[in-house]
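Note sheet for the following structure.
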Amino acid sequence: MSTQLFRRKPVNHMRAGAAHGPELKRTIGTFQLTMFGVGATVGTGIFFVLSEAVPKSGPSVIISFLVAGLAAGLAAICYAELASAIPVSGSTYSYAYAALGEVVAMGVAACLLLEYGVSTAAVAVGWSQYLNKLMDNVIGVHLPDSLSHAPWDDSPGVLNLPAVILIALCALLLIRGASESAAVNTVMVIIKLSVLGMFIVIGFTAFDSGNLSDFAPFGVSGIGAAAGTIFFSFIGLDAVSTAGEEVKDPQRTMPRAIIFALLTVVTIYVLVALAALAAQPWQQFEGQEAGLAQILETIVGSPWPGTVLAAGAVISIFSVTLVTMYGQTRILFAMGRDGMLPRQFAQVNPRSQTPVFNTVVVAVVVAILAALVPLDKLADLVSIGTLVAFIVVSLGVIILRRTRPDIPRGFKVPGYPVTPVLSVLACLYVLSGLSWVTWAWFLLWLAIVLTFYFFWGRRHSELNAGATVVDPDAPTQDDAR
């Protein structure tokens, strides 16, 4: 049983995945992949997570962004090494399978499915808020609460219909093909960065240092709590690594895209947060819908900048939903190919070369979440899944450096082993700020996935076929398990 649970999938077998299952088409370059990372992060946090994070820490939320960015940055460097060494679909799930064993990989898969599924739903809920704001400003129509709020929201409704429509549109685009999705995402990200640049410029014209005077009203604990919520917005770095099998020259492209995306994201987040907090007292952020648009309207005294920002948010948050849905479908694809899920999840449409079945399943599940669950119940669950995945990646770097030093790596973590150790410690600090309720839901979900693995996954694992797949370059028998 122990041998079965902790058997590892050979790295060379992963890299030659085409010989052992369906293959995806390599069409994505460095710039488009960087835009994937930026598209999945900028927007998720800045456009609506401030209303969740600022009430926990006050103006010191700026420090919370830096703390979360530090933890994400250290993990991103670790991702860059593993992505260049194991350029396949599946992200942290695949890395854990190679370094830590099958049961650990399934535990990580639970984190990733939670991370991507819940974040997609949360982003769709935020998109609904900005769509309402845009429609109200442009045509004077505001959707009733019954069609724009979940049943358990502060303003109870029947379902969040705009969120469901957004998810359906993203699913249709993903079914058409990865290159088409990447091209659309790139355009949306450029629009997003332009709109946020406008917010920064206008926001700094109303800079009031008095709004920052009570800088940390809830002390260090408030900074940690806000950092845990904010971490919800850094999953784009992980989304880059899910594209391993659809990237041209992955050993060079993936590390570059991860690092470029990280630098862009942290810079934009800090500048926008500073401009917002200096322009509006922190007490006004709580419960504020489409907050950035409202701040601009107050500064200018006219609805036009708020309308422009709301339009930019409607367009650009679409890209967040698109990329997070993309990431989840590719993780399910890798799991299906490994036998951890039914084989339907590994099927690829012969024309579009995309996993259509996965996309439909993800769209249905996420649409139900987005339609019925409020935003504030979703954000922290995303953070916990992301942080656990980041910890596993950091440990994976250390383990594979020791067990497989021979693997070709297009990028190596600088400052090894200090950097991955600091990454683990930073993520543990952010995890400590999450509530016990979040932990309880996370552990329940983890138990469900591991139960599925024990009763189904381990019996259908690809590694059961004739015992094991042998890695011809493995230096020891242990590495070939």
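The figures follow:
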{"quantity": "Amide hydrogen neighbours beyond the local backbone of ILE28, cut-off 5 Å, H modeled", "calculated": "VAL247, LYS248"}
{"quantity": "Length gained when the stretch GLN4-VAL360 is fully extended (0.36 nm per residue, less Cα-Cα span)", "calculated": "125.0 nm"}
{"quantity": "Over region 237-277: Kirkwood hydrodynamic radius from C-alpha pairwise inverse distances, Å", "calculated": "11.4"}
{"quantity": "Within region 403-421, backbone nitrogen closer than 18 Å to the virtual label 7 Å beyond the Cα of LEU263 toward Cβ", "calculated": "411-415"}
{"quantity": "By average C-beta atoms within 10 angstrom, highest first, the peptides 87-95, 250-258, 390-398", "calculated": "87-95, 390-398, 250-258"}
{"quantity": "Helix 379-403 vs. the chain, principal-axis angle (Cα, 0 to 90°, nearest 10)", "calculated": "40"}
{"quantity": "Relative contact order of the chain, defined on C-alpha pairs under 8 angstrom at six or more residues apart (%)", "calculated": "34"}
{"quantity": "Backbone HN-Hα couplings from phi across region 107-120 [Karplus 6.51/-1.76/1.60, Hz, Gly and Pro as x]", "calculated": "x, 5, 4, 4, 5, 5, 5, 5, 4, 6, x, 6, 5, 4"}
{"quantity": "Given charges at Cβ of Lys, Arg, Asp, Glu: the chain dipole, positive-most of ALA121, GLY157, TRP445", "calculated": "TRP445"}
{"quantity": "Backbone HN-Hα couplings from phi across region 176-193 [Karplus 6.51/-1.76/1.60, Hz, Gly and Pro as x]", "calculated": "5, x, 5, 5, 5, 5, 5, 5, 4, 4, 4, 4, 5, 5, 4, 4, 4, 5"}
{"quantity": "Length added when fully stretched, GLN284-GLN347, from 0.36 nm per residue minus Cα-Cα", "calculated": "17.8 nm"}
{"quantity": "Sorted largest first, extent of region 257-394 alpha carbons per principal axis (Å)", "calculated": "57, 33, 29"}
{"quantity": "Reference-scaled alpha-carbon Rg (2.2 N^0.38 Å with N residues) for region 28-432", "calculated": "0.93"}
{"quantity": "Linear extension gain, TYR416 paired with VAL220, 0.36 nm per residue minus alpha-carbon span", "calculated": "67.6 nm"}
{"quantity": "Simple spin-label estimate for ILE190 and TYR429 in nanometres, 7 Å along Cα-Cβ", "calculated": "3.9"}
{"quantity": "Cα→Cβ-extended label distance, 7 Å offset, between ASP145 and LEU450, nm", "calculated": "4.1"}
{"quantity": "Rounded D (µm²/s) - region 33-114, Kirkwood Rh over Cα pairs, Stokes-Einstein at 37 °C, 0.692 mPa s", "calculated": "221"}
{"quantity": "Whole-Hz ³J(HN,Hα) from phi, Karplus 6.51 cos²θ - 1.76 cosθ + 1.60, for region 72-82, glycine and proline x", "calculated": "5, x, 4, 5, 4, 5, 5, 4, 4, 5, 5"}
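All of the numbers you see were taken from the coordinates with simple rules; none came from a lab. As the structure is a computational prediction, the values presented were derived from the model and not from experiment. Counting neighbours? That spans all protein chains shown, and the Cβs are built from the backbone with ideal geometry, glycine included.
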